[in-house]
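Worksheet: the structure to be examined is printed underneath.
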2 protein chains.
Amino acid sequence: MTNNSELTIPTFEDVIAAHRRIAPYIHRTPVLTSSYLDELTGAQLFFKCENFQKAGAFKARGASNAVFGLSQEQAAKGVATHSSGNHALSLAYAAGRRGIPCTAVMPHTAPQAKKDAVCGYGGKIVTSEPSISSRETILAEVLAEGGAEFVHPYNDPRVIAGQATCSRELNEQVDMLDAVIAPIGGGGMISGTCLTLSNLAPKVKIYAAEPNNADDACRSFKAGCIIADDAPQTVADGLKVPLKELTWHFVSNYVTDILTATEDEIIAAMKLTWQRMKIVIEPSCAVPLATILKNREVFADKRVGVILTGGNVDLDRLPWVKG
Amino acid sequence: MTNNSELTIPTFEDVIAAHRRIAPYIHRTPVLTSSYLDELTGAQLFFKCENFQKAGAFKARGASNAVFGLSQEQAAKGVATHSSGNHALSLAYAAGRRGIPCTAVMPHTAPQAKKDAVCGYGGKIVTSEPSISSRETILAEVLAEGGAEFVHPYNDPRVIAGQATCSRELNEQVDMLDAVIAPIGGGGMISGTCLTLSNLAPKVKIYAAEPNNADDACRSFKAGCIIADDAPQTVADGLKVPLKELTWHFVSNYVTDILTATEDEIIAAMKLTWQRMKIVIEPSCAVPLATILKNREVFADKRVGVILTGGNVDLDRLPWVKG
């Protein structure tokens, strides 16, 4: 890792080390294609299926890298985090594999499927309000009590280096990509994508996709500095959190553009993916397809990697079913 | 093909010819595994994902073999069939690829997603009552009118030879299988599985899985002769049809056992597959997992191929969502 003023920026060597470290605990996920969606968008889409990842989301990569990189002494005190869901359950998964304790501060609005999964992996949940400020306050209490190692869901070089292994695989699985698009919340996956591709394939354009209702990254990108919202409302529950210093470093330096989609567009893209690709994806990872469908001119005739970030959905509360 | 008294029984040479004929029009579908489901069942399960097949179901194999095996003269008059859904849309898909007309007689109770897909591929729908007798009567009128070639959904050697290509791939993709299990309705997939495995891997046991509510194949198997029900009610809408002479030949000669599951067990297995494997499967193809879960002693410690037959589901009418 290199120090950039006061930030510890992960390097591509960290990515290679992370990939070696986490290989026993993660899947090398498949890449799927859909002739129907290719025809609909005019692009060639390559879907990297992190919904098939351990614990149901790409976050198993970063969490495993953090957990398995701890010294024995650090590990004994366990790990803790705050998360709307996927990072919490991925950290619980990784901690469970290493046999160490894990505490997750989760908003009471987090999907039940994600809360159940944290407990299923042996994690302990402490409930907070949905706001970032509430999460951070309660986490500080947890850390002060037990001395656990804090693994931030995205503003952590170990986590970013772990997420970066995803696009390293994608770059091996698909030749001649013109662009890669991933959802952006806190920016961990996008930062990992920037880290890998700026080293391995610097000509590949990197797009981020964000809900209109939580478009702080898009506004930050235009303003040239971090703008953070507290507790925005969107069906894409994984994308409510703001950028932080480390992810802002990557977003501001390497991202080509940030595109947005409405709630209806996100839900339609999610349902379309289920219908035509026969895979379960969560709302957050339908945002890239939603933006591709409404920005046809950006992606037409291009070979586009689309990172499907996760598949942890409450099947009893689907967004297109009136309940 | 060989003649067995008055039946035209497809041979393994027909399977090889079918595989060569249909290769440009079908996917070689992937095999997925789930450590969670392996732990739950005590078996090693290998899921052959025909839900990812063209037109969303294995039936694209048999339909393509029938359509692309027609002479130019036959093909010009088009094809016709009766089907609760997947065979109809697969035949429409194959006919569309060859550029010939297709008429499907479908019960008015068929899932909307399947009816939409038939029309999407350019097929024409004629509506019948849900009973087998109604379907057959209306089809006879269609055939008398236009001279189309009838492609039966399963009691047709061309169709069985096509379906048989699925377990030929599975046998290449997974070593040392102890057993293969597939749902049984009319018996086309099971017959194809018997045809392939009795030639390539005769020690592999073949199980069929059937809804309790439409257990005519199970009762036939026990009685030693075909017992047919008219219009049974089950959530597994693809499995309502009875065995016919050709499929009975394979079932009675090669199947080890037919296991059954209740409606609740089928719905639970379907939801569990969506939740843990992040794939969309239709109720019919959840029946094998439902029977594996309740017959642990039959499959424990075995390497079991599970054929996931299709993924065409009305996402607005999921069986676990009260509507």
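No value in this document is a laboratory result; all are computed from the given coordinates. Note that the structure is a prediction, hence the values are computed from the model and not measured. Because the Cβ atoms are built from the backbone with ideal geometry, glycine has one as well, and the counts that use them run over all protein chains shown.
3J(HN,Hα) couplings calculated from phi for the stretch A:84-97 with the Karplus curve 6.51 cos²θ - 1.76 cosθ + 1.60 (θ = phi - 60°) are, in sequence order, 6, x, 5, 5, 4, 6, 5, 5, 4, 4, 5, 4, x, 5 Hz; Gly and Pro show x. Entry note, the stretch A:60-150: relative contact order of 32 percent, from Cα contacts under 8 Å with a spacing of 6+ residues. Sorted from shortest to longest, the distances between the A:Leu40 label points of this copy and the other copies are 2.8 nm, with each point 7 Å from Cα along the line through the beta carbon.
Less than 5 angstrom separates the built amide H of A:Ala261 from those of A:Glu210, A:Asn212, all sequence-distant by 5 or more or on a different chain. Shape class of the stretch B:1-79 from the Cα gyration tensor (axes a ≥ b ≥ c, square roots of the eigenvalues): prolate, since a/c reaches 1.5 or more and a/b is larger than b/c. Residues whose amide H lies under 5 Å from that of B:Val241, counting only those 5 or more places away or on a different chain, are B:Gly186; hydrogens are built 1.01 Å from N in the peptide plane. Phi angles across the stretch B:39-50 convert, under the Karplus curve 6.51 cos²θ - 1.76 cosθ + 1.60 with θ = phi - 60°, into 3J(HN,Hα) values of 5, 5, 9, x, 10, 9, 9, 10, 8, 8, 8, 6 Hz, Gly and Pro given as x. If you sort the three axes of the alpha carbon gyration tensor as a ≥ b ≥ c, you get a/c of 1.5 or more for the stretch B:51-90 and a/b no higher than b/c, which makes it oblate. Entry note, the protein assembly as shown: the mean residue ellipticity at 222 nm calculated from DSSP H runs of n ≥ 4, each adding -39500 (n - 2.57), is -13500 deg cm²/dmol after division by the residues and rounding to the nearest 500. For B:Ser128, the amide hydrogen comes within under 5 Å of the amide hydrogens of B:Met106, B:His108, counting only partners 5 or more places away or on other chains and with H modelled in the peptide plane.
Placing +1 on the Cβ of every Lys and Arg and -1 on the Cβ of every Asp and Glu, with no other charges, gives chain B a dipole of roughly 780 debye about its Cα centre. Rounded, prolate or oblate: which one fits the stretch A:138-181, using the alpha carbon gyration tensor with axes a ≥ b ≥ c (rounded when a/c is under 1.5, else prolate when a/b beats b/c, else oblate)? Verdict is prolate for the stretch A:138-181.
Using alpha-carbon pairs under 8 Å, 6+ residues apart, how would you state the relative contact order of chain B in percent? Relative contact order for chain B comes out at 22 percent. Express in % the proportion of alpha carbon pairs of the stretch A:182-247 at distances exceeding 17 Å. Counting pairs separated by more than 17 Å, the tail of P(r) holds 40 percent.
Relative to the longest principal axis of the Cα atoms of chain B, helix B:12-22 runs at roughly 70 degrees.
Could you work out the local net charge near B:Thr291, counting Lys and Arg as +1, Asp and Glu as -1, over the other residues with Cβ closer than 15 Å to its Cβ? Around B:Thr291, the charge tally is -3. Each Lys and Arg adds +1 at its Cβ and each Asp and Glu adds -1 at its Cβ; summed about the Cα centre, the stretch A:103-145 shows a dipole of about 180 debye. Mean silhouette area of chain A, derived from the convex hull of its C-alpha atoms and averaged over all directions, reads 14.9 nm². Taken one residue at a time, the phi angles of the stretch A:167-178 give Karplus couplings (6.51, -1.76, 1.60, θ = phi - 60°) of 6, 5, 5, 4, 5, 7, 7, 10, 7, 6, 5, 8 Hz. Gly and Pro are set to x. Sorted from closest to farthest, the other copies place their B:Lys77 label points 8.3 nm away, with each point set 7 Å from Cα along Cα→Cβ. Sorted from greatest to least, the principal axis extents spanned by the alpha carbons of the protein assembly as shown come out as 85, 53, 43 Å. Placing +1 on the Cβ of every Lys and Arg and -1 on the Cβ of every Asp and Glu, with no other charges, gives the protein assembly as shown a dipole of roughly 840 debye about its Cα centre.
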